[in-house]
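Heads up: the structure comes next, in structure tokens.
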Amino acid sequence: MKTVLGFDSWTGGAANFARLVPAFREHGLDLVVLHIGSWGGDPGRPAREFKGDLELRDISHYGGKSIDEVLEVEQPAAVLFLSNEVFAHRAFNRYSLAAGIPTLLLYHGLVSVQGVASEKPYKVNPLSQARFVLERLPKALLRIWPAYGRALVKTSATREDWTRFVKDIFNMGFGRYSVRAAEDSRTTRVAVYTQADQAHAIAKYGQPPESVAIVGNPDLHAFGVGPADLGIAASAATVERSEIIYIDTGLIYAGMVFDGAAEFLEHLERTHDALRRASKTLAIKLHPDHFRTDMPDRIAALGIEILNNQNFVSRLKACAAAIVEPSTAALIPGLVGVPLLLAGYGKLSGQAFGEVLTSYPRARHLLDPSAVTDLLLEESRSFDAEAIQRWLDANSGPLPGELMPSRVAATIIEMIETAGASLSCAA
């Protein structure tokens, strides 16, 4: 068994690694995740724990070793990231590539649902962003920035690398999104869900087109969407239905748009009241981060039903439309075939959406929830089944979605074999 070492800042992304384990083992790969949660991002975790069959190790498991020293101890055949723009991940990527270890960035969602052509794909709420930064500043000063600076020194960084370091500190502080990632964010290969994100990986990271693998969307399987469900609800008759489903992205936990829970609740209450006056009902699919708080109880107290993964798709098939913020989950109603109402009212006024969502033939910008009936009537009159099918073909990714882990494993094996062949040639 060859060891693949996952690297992450916390255990919050463990589910994205865990679903890979069975397929990896079938391909002779042993996946272990190293995280730096004890540095401040995920305190109180055990030094070593399991999520199902996935082993997670906090850096404290290694008795005070630095991340480069852990890499020397483990000597993995490959390294796997779920994101690669933050400094700790970039440091580990630098060390890995310098050691001749191939690295893979696996997108863990659809990035192109966001307005990624802008430096600010989400509106930054100044108060919320300030809290977000101040909560993380001690960890950055004491752990992250020194670790990254050490990596720059040990891997003989250029002056441009150091300049980018300073620039990115300011960009992150002000909530700015970098349209082009730093050079040390580029991995050996990238795996994305769909064709749309292949173009993003090429533009964002400077990846050669041949280095970007399209592996399919595992969320289809997670939500119970099979090939037969694609476009199943695509009918102009959806306008006659009463339920509208709101799909949330947890913006309040990222210092974006809303100034905390109270403002988000006010936003939902306004939406709920407007839809009720239009003889529509509201249900909501919440981002998982909310379930670490009392937010679900507070939303339920407003009379808004909270959907789960088990009933989400069945309710989508029977709804009038979905109000969405930019997220991977926002793609699901489009794949099922119902209208998408891109939330652009209240605090979300001016919110940017990516081309994946705006190009959907049944997408409309919702600037006032009280106008939902007129908007859906207009959409129904322009219903175009052929255009919807073309969009589905371009955005569903390789099917079935449940084979995504096997496609990722095959990509890693190919990467390892290529690295081995290069070493043999060098010798």
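For region 302-353, list the strands (runs of 3 or more DSSP E) that sit wholly inside it and hold at least 3 residues that are among the aliphatic types (A, V, I, L, M) and touching a residue at least 24 places away in the same chain (Cβ under 8 Å); which are they? Lay out the reasoning, then the answer.
Working: elements: 305-307, 321-324, 340-343.
Qualifying strands (runs of 3 or more DSSP E): 321-324, 340-343.
Listed residues A15, A77; which is surrounded by fewer than 17 Cβ atoms within 10 Å (Cβ to Cβ), hydrophobic (A, V, I, L, M, F, W, C), assigned by TED's automatic domain parsing to the domain that holds Y107 and touching a residue at least 24 places away in the same chain (Cβ under 8 Å)? Please lay out each step first, then the result.
On the way: A77 fails: surrounded by fewer than 17 Cβ atoms within 10 Å (Cβ to Cβ).
Exactly one residue qualifies, and that residue is A15.
Considering every residue within region 42-50, establish whether at least one is touching a helix residue (DSSP H, G or I) at 6+ places or on another chain (Cβ under 7 Å) and at pLDDT below 95. Break it down stepwise before answering.
Within region 42-50, the subset touching a helix residue (DSSP H, G or I) at 6+ places or on another chain (Cβ under 7 Å) is 43, 45, 47-48.
Next cut, at pLDDT below 95 only: 43, 45.
Within region 42-50, one or more residues are touching a helix residue (DSSP H, G or I) at 6+ places or on another chain (Cβ under 7 Å) and at pLDDT below 95.
Here is a yes/no grid of residues against (1) under 30 Å from T11 (Cα atoms); (2) at pLDDT below 95; (3) in a helix (DSSP H, G or I); (4) hydrophobic (A, V, I, L, M, F, W, C):
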position	(1), (2), (3), (4)
E263	yes, yes, yes, no
R270	no, no, yes, no
L275	no, no, yes, yes
I284	yes, no, no, yes
R298	yes, no, yes, no
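Just name the residue that is nearest to T249 (Cα to Cα) out of those in region 343-394 that are touching a Leu at 6+ places or on another chain (Cβ under 8 Å) and of a type in the set (D, E, K, R).
Residue satisfying both the conditions and the ranking: R364.
What are the residues in region 8-37 that are closer than 23 Å to S185 by Cα and not hydrophobic (A, V, I, L, M, F, W, C), if any? If you could, list the steps in order and put the result at the bottom.
Start the filter on region 8-37 by keeping residues that are closer than 23 Å to S185 by Cα, which leaves 8-17, 20, 31-37.
The answer is D8, S9, T11, G12, G13, N16, H35, G37.
Give me a count of the residues in region 141-168 that are surrounded by fewer than 15 Cβ atoms within 10 Å (Cβ to Cβ) and part of a helix (DSSP H, G or I). Give the steps one after another, and end with the answer.
Step one: of region 141-168, the residues surrounded by fewer than 15 Cβ atoms within 10 Å (Cβ to Cβ) are 141-142, 146, 153-154, 156, 158-160, 162-163, 166-167.
If we keep only those that are part of a helix (DSSP H, G or I) too, we end up with 141-142, 146, 153-154, 159-160, 162-163, 166-167.
Total satisfying the criteria: 11.
Between a residue in region 20-32 that is of a type in the set (G, A, S) and any residue that is part of a loop (DSSP other than H, G, I, E, B) and surrounded by fewer than 17 Cβ atoms within 10 Å (Cβ to Cβ), which pairs come within a Cβ distance under 6 Å, given they are 6 or more apart or on different chains?
That search, which allows pairs on different chains as well, returns G28/M1.
State whether one or more residues within region 178-196 are farther than 23 Å from A91 by Cβ, among the small types (G, A, S), in a helix (DSSP H, G or I) and more than 16 Å from the chain's Cα centre (by Cα).
Keep residues of region 178-196 that are farther than 23 Å from A91 by Cβ, which gives 192-196.
Now drop any that are not among the small types (G, A, S), which leaves 196.
Restricting the remaining residues to those that are in a helix (DSSP H, G or I) gives 196.
Applying the additional criterion that residues be more than 16 Å from the chain's Cα centre (by Cα) yields none.
No - not one qualifying residue is present in region 178-196.
Among the residues of region 197-220, which ones are in a loop (DSSP other than H, G, I, E, B) and surrounded by fewer than 22 Cβ atoms within 10 Å (Cβ to Cβ)? Full working, then the answer.
The first filter runs over region 197-220 and keeps only residues in a loop (DSSP other than H, G, I, E, B), leaving 206-208, 215-217.
G206, Q207, P208 - these are the residues of region 197-220 that are in a loop (DSSP other than H, G, I, E, B) and surrounded by fewer than 22 Cβ atoms within 10 Å (Cβ to Cβ).
Suppose the filter is among the small types (G, A, S) and within 20 Å of A237 (Cβ to Cβ); does G401 pass it?
Details: among the small types (G, A, S): yes; within 20 Å of A237 (Cβ to Cβ): no.
Considered against the rule, which asks whether it is among the small types (G, A, S) and within 20 Å of A237 (Cβ to Cβ), G401 comes out as no.
Matching residues to (1) out of contact with any strand residue (DSSP E or B) (no Cβ under 7 Å at 6 or more places or on another chain); (2) without any contact (Cβ under 8 Å) to a residue 12 or more places away in the chain; (3) surrounded by fewer than 20 Cβ atoms within 10 Å (Cβ to Cβ); (4) within 23 Å of V113 (Cα to Cα):
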residue: A222; (1), (2), (3), (4): yes, no, yes, yes
residue: E243; (1), (2), (3), (4): no, no, yes, no
residue: S279; (1), (2), (3), (4): yes, no, yes, no
residue: T293; (1), (2), (3), (4): yes, no, yes, no
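The values are calculated or read from the model by the stated rules, or taken from the named source; none is laboratory data. On a predicted model such as this, the values are computed, not experimentally measured, just so you know. Neighbour counts are summed over all protein chains in view; Cβ atoms, including those assigned to glycine, are modelled from backbone coordinates with ideal geometry.
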